[in-house]
Amino acid sequence: QTIGEDTDHIMDLAEVGTSSDCTGDVQLMEMISAHGIDVWLGASDAEVEGEWVWQKTGERLSLSNSMWYYSEPAGGTGENCLRASIATSSHNRAYLRDLACSSTFNFVCQIFPKF
């Protein structure tokens, strides 16, 4: 967010599957897969368990979105933040998973349009 302020842009954690998402959701997830590290994205279900909402745009992330790992989200009230996680058992592909917000990972940001 500070980088965005310093460059006169709106910047926050990246979103996928929304009207304001990163151009090329598939390419973003492929780049995360290629780097082989888990990263934070900008959604949470902290307000209402099971209702995933993007932090910046307020749009909902559907539980039927194909980017979720097959058994996710599964953390209940203890795992309210969204990460793109590498599934080594699935060709090292990045999937969406929930995790405790206190965990430490790198993150992916995006620039949002100013309106």
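The values are calculated or read from the model by the stated rules, or taken from the named source; none is laboratory data. On a predicted model such as this, the values are computed, not experimentally measured, just so you know. So basically every Cβ, Gly included, is an ideal-geometry build from the backbone, and we count neighbours across all protein chains shown. Just so you know, the surface numbers come from the protein's heavy atoms only, side chains and all, with ligands and any DNA or RNA stripped out. Shrake-Rupley method; radii C 1.70, N 1.55, O 1.52, S 1.80 Å.
General remarks:
- Ellipticity estimate at 222 nm from DSSP helix runs (n ≥ 4, -39,500 (n - 2.57)) divided over the chain, nearest 500: -3500 deg cm²/dmol
- Label-point separation in nm, R60 to I111, each point 7 Å along Cα→Cβ: 3.2
- Helix 25-35 axis, angle to the chain major axis (alpha carbon atoms, nearest 10°): 70
- Protein-only accessible surface order, largest first, of F105, F112 at 1.4 Å: F105, F112
- Radius 14 Å from Cβ of C101, net charge of other residues (Lys, Arg +1; Asp, Glu -1): -4
- Placing unit charges on each Cβ (+1 for Lys and Arg, -1 for Asp and Glu) gives the chain a dipole about its Cα centre, and among L82, T57, W68 the Cα reaching farthest toward its positive end belongs to W68.
- Near A43, the amide H atoms lying under 5 Å from its own belong to Q55, L82; only residues 5 or more places off or on other chains count, and H is placed 1.01 Å from N.
- Computed magnitude of the charge dipole of the chain (debye, nearest 20; Cβ of K, R +1, Cβ of D, E -1): 280
- For the pair A87 and S102, the difference between a 0.36 nm per residue extended length and the Cα-Cα distance amounts to 3.3 nm.
- Paramagnetic label zone (point 7 Å from Cα along Cα-to-C-beta, Q27; backbone N under 16 Å) in region 80-115: 109-111
- Probing with 1.4 Å while keeping every protein chain in the model, the per residue accessible area of region 14-115 equals 56 Å².
- Percent carbon-and-sulfur accessible area, the chain, ignoring ligands, DNA and RNA, probe 1.4 Å: 52
- Which labelled figure in (1) -0.27, -1.22, -1.32; (2) -0.43, -1.26, -1.33; (3) -0.51, -1.18, -1.22 is log10 I(q)/I(0) by the Debye sum over Cα atoms at q = 0.10, 0.21, 0.22 Å⁻¹, once derived from the coordinates: (1)
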